[in-house]
Amino acid sequence: MKIIKKCFILLLCTALLTGCSLISGGDDLLQTPKPSENFTLLQEQLEKIISEGKTYVTPQSGSYRNTVTFEDIDSDGADEAIVFLRDGTGGKIYVYAFAWEDGEYKEIGSIAGPGSAVGSMSFLTVEDGQEKLLVLTWTLSNEVKQGLTVCRVRDHKLEELLSTTCTNYIVSDMDRDNTEELFTLSYDNTERKTASVYDYDNEKMLLLSQTDATQDVQAIANITAGQLNDSEMQAVFVDNKFENDNGMQTDIYVLDGSTLRNVATSSNTSTYRSTSLYFCEDIDGDGSIEVPQLHALPGYEDREAAETLWMIDWYRYGMGDEAKLVHTIYDSPTEGWMLEFPKEWRNNVTAVSISQSGRNETVFMEQDGLQEQILTIYSFTGEDRKQEASADGLIELGSTSDICFAAKLGDGNTQYDMTEKEVQRAFTVITNEWK
């Protein structure tokens, strides 16, 4: 079966390089040359279905966006083939499954989708990793929510386990039992906003628990899974957007026994922030998810938002009432860098930003002693940026394709001074992974 997948990838690459398409007008899945006898047998099965008036479709989003996906769903050592087809050009959509039996692919069932398009496809791992369930979403006409279907392959038969609707979902092993749960969010303007968790038990997909989401938000901006603070407990973090003020609030869901809880609503530390620029994330790579809070640097509290320089506090939340502040960062997203503040800097150090032709300077200084410069970060963008960043007295901090970064230490006259190594450790060039 590995040979089949490699041949298919080779065929795909050849088609892309030569300008050919694996799907032509919805009529042909594979173009010559045919990669293998086994794949040819699958094509022959598909051509029989196509001759009945069906065309090929692909999922609109997600990690699996192919018309045909090969995956060992039932852990029998052989890949099943999952294929998406539509009746005509605008009819009902189907997911077909084929299993490898006796040297050929055989159809083992199909399920009709409830929507007008395939939204996404993913897999949910159960039974200690020995089986995968197929999770599908469907675009529903004139609906905010989407259709969601969960099915499995058992004894070479495609079976539907769950059909429901949701706004968004994620799969995560929330109770650490080596079987992933299905976590869904349902946001509807006319109903309560709810979060639900489904568990695979006794060969069924069952609703385990529900709880309320934040009610006055308008949209889900981001959803991710990770650990709580100092805990082995897994949580789902949902960044919700407020359309009226462009703010954001994070809900944090845990499975406490068999009960789904939103621990953000019981914490004494709010998860609201006045901008939707920052999502919660594992910023230090330790497995725990941090939630950002924005605060104006000292001296900027009463200024217009467009003029304000911000520091970002990153908090870890737990099952208790108090969140733990773990990082404070100055972020310069327009220039693509950030600096982690030493603990003693928070609320005691401020900054000014000075733009000139070909460079920008961010000068950090004491709040009550603005003439005492602690550190200056330079962003050079001119044609001589490499030479400027490596000038005497400057600490080189890295570069991107069009910006070179450097730093200059202060005169060492304040209690907040940093060493060269401390600056290098605290400074980071922002990549896409950070946003």
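Using a 1.4 Å probe and ignoring any ligands, DNA or RNA, find the accessible area of Ser266 and quote it in Å² to the nearest 10.
We get 50 Å² for Ser266.
(1) 20.7, 70; (2) 26.9, 82; (3) 21.7, 84: which one is Rg and Dmax of the Cα atoms in Å as calculated from this entry?
Structure-derived value, by its label: (2).
So if I place +1 on the C-beta of Lys and Arg and -1 on the C-beta of Asp and Glu, and nothing else carries charge, what would the dipole magnitude of the range 317-392 be about its Cα centre? I want it in debye, nearest 20. Can you show the working numbers first?
Details: 6 positive and 14 negative charges, 35 e Å.
The calculation lands at about 160 debye.
Using +1 at the Cβ of each Lys and Arg and -1 at the Cβ of each Asp and Glu in the range 274-387, identify which of Ile377, Ile312, Val326 lies farthest towards the dipole's positive end.
With unit charges placed on the Cβ atoms, the residue in question is Ile377.
How much space per residue, in cubic angstrom, does the convex hull of the C-alpha atoms of the range 314-387 take up? Please report the intermediate quantities before stating the final value.
Working: hull volume 8.6 nm³, N = 74.
Cα convex hull per residue, to the nearest whole number: 116 Å³.
Taking a threshold of 29 Å on the Cα-Cα distance, which of the pairs Lys106/Lys145; Lys324/Lys421; Lys92/Lys241; Lys48/Lys92; Lys241/Lys324; Lys241/Lys386 fall above it?
On the way: Lys106/Lys145 34 Å; Lys324/Lys421 27 Å; Lys92/Lys241 33 Å; Lys48/Lys92 18 Å; Lys241/Lys324 23 Å; Lys241/Lys386 41 Å.
Result: Lys106/Lys145; Lys92/Lys241; Lys241/Lys386 exceed 29 Å.
Once the Cα gyration tensor of the range 179-225 is diagonalised, what are the square roots of 5 times its eigenvalues, in whole Å and ordered largest first, as equivalent ellipsoid semi-axes?
Numbers: eigenvalues 112, 31, 10 Å².
Taking √(5λ) for each eigenvalue gives 24, 12, 7 Å, largest first.
Which residue, chosen from Asn178, Thr149, Trp138, occupies the Cα position most advanced towards the positive end of the dipole of the range 120-244, where the dipole is computed from +1 (Lys, Arg) and -1 (Asp, Glu) charges on Cβ about the Cα centre?
Trp138
With a cut-off of 8 Å between alpha carbons and a minimum separation of six or more residues, what is the relative contact order of the chain in percent?
Values: 933 pairs, mean separation 26.4, N = 435.
Once divided by the residue count of the chain, the mean separation gives 6 percent.
Determine the principal axes of the Cα atoms in the range 235-345, then give the extent along each, sorted from largest to smallest and rounded to whole angstroms.
Largest to smallest, the principal-axis extents are 47, 34, 24 Å.
Between His327 and residues 5 or more places away or on another chain, which pairs have amide H atoms under 5 Å apart, with H built 1.01 Å from N, and which residues are they?
Residues meeting the criterion, in which the H sits 1.01 Å from N, are Trp314.
Spelling out what I want: for every residue of the range 76-84, take phi, set θ = phi - 60°, compute 6.51 cos²θ - 1.76 cosθ + 1.60 (Karplus), and round to whole Hz; glycine and proline get x.
Per residue, the Karplus-derived 3J(HN,Hα) values read 9, x, 10, 6, 8, 10, 10, 10, 10 Hz.
With runs of 4+ DSSP H residues as the only contributors, calculate the mean residue ellipticity of the chain at 222 nm using -39,500 (n - 2.57) per run, divided by the residue total and rounded to the nearest 500. Mind showing how you got there, number by number?
Numbers: 4 runs with 43 residues, N = 435.
Counting only the DSSP helices, I get -3000 deg cm²/dmol.
7 Å from Cα along Cα→Cβ at both Thr275 and Asp417: what's the point-to-point distance in nm?
Each label point is offset 7 Å from its Cα along the Cβ direction, giving 3.2 nm.
Helix 2-18 sits at what angle to the longest principal axis of the chain, using alpha carbons and giving 0 to 90 degrees rounded to 10?
70
Of Pro298, Thr400, Gly412, whose Cα points farthest to the positive end of the dipole of the range 291-435 (charges on the beta-carbon: +1 Lys, Arg; -1 Asp, Glu; origin at the Cα centre)?
Thr400
Can you tell me the convex hull volume per residue for the range 55-95, based on C-alpha atoms, in Å³ to the nearest whole number?
On the way: hull volume 2.9 nm³, N = 41.
In the range 55-95, the Cα hull volume divided by residue count equals 71 Å³.
Which ³J(HN,Hα) values, rounded to whole Hz and listed in residue order, are derived for the range 293-302 from phi using the Karplus coefficients 6.51, -1.76 and 1.60 in 6.51 cos²θ - 1.76 cosθ + 1.60 with θ = phi - 60°, glycine and proline given as x?
3J(HN,Hα) across the range 293-302, in whole Hz: 9, 9, 9, 5, 4, x, x, 10, 4, 9.
Which of rounded, prolate or oblate describes the range 139-251 when judged by the alpha-carbon gyration tensor and an a/c cut-off of 1.5?
On the way: a/c = 2.54, a/b = 1.32, b/c = 1.93.
Oblate shape, in that a/c is at least 1.5 and b/c is the bigger or equal ratio.
Report, by chain and number, residues whose modeled amide H sits under 5 Å from the one on Glu335, excluding near sequence neighbours (fewer than 5 apart, same chain).
none
Please state the charge dipole magnitude for the range 126-228, taken about the Cα centre, from unit charges on C-beta atoms (+1 on K and R, -1 on D and E), reported in debye and rounded to the nearest 20. Could you put the intermediate results ahead of the total?
Numbers: 9 positive and 19 negative charges, 71 e Å.
So the magnitude is around 340 debye.
What whole-number value in Å² describes the accessible area per residue of the chain for a 1.4 Å probe?
Working: 20950 Å² over 435 residues.
Per-residue value: 48 Å².
For the chain, find the longest principal axis of its Cα atoms and tell me its angle to the long axis of helix 37-50, 0 to 90°, nearest 10.
Around 80 degrees separate the two axes.
Taking Lys408 as the anchor, which aspartates and glutamates have their alpha carbon closer than 15 Å to its alpha carbon, excluding any fewer than eight residues away along the same chain?
Lys408 reaches Glu361, Glu372, Glu388, Asp392, Glu396, Asp417, Glu420, Glu422.
Treating only the Cβ atoms of Lys and Arg (+1) and Asp and Glu (-1) as charged, compute the dipole magnitude of the chain about its Cα centre; round to the nearest 20 debye. Intermediate results must be reported in sequence, preceding the final value.
Working: 34 positive and 74 negative charges, 228 e Å.
The dipole of the chain has a size of about 1100 debye.
Sort Thr376, Thr428 by heavy-atom solvent-accessible area, probe 1.4 angstrom, most to least. Can you show the working numbers first?
Details: Thr376 5, Thr428 40 Å².
In descending accessible area the options line up as Thr428, Thr376.
The values are calculated or read from the model by the stated rules, or taken from the named source; none is laboratory data. Nothing here was measured: the structure is a model prediction, and the numbers come from that model. Positions of Cβ are generated from backbone atoms using ideal geometry, with glycine treated the same way; all protein chains shown enter the neighbour counts. For the accessible areas, the whole protein counts, side chains as well, though only heavy atoms, and no ligand, DNA or RNA atoms are used. Shrake-Rupley method; radii C 1.70, N 1.55, O 1.52, S 1.80 Å.
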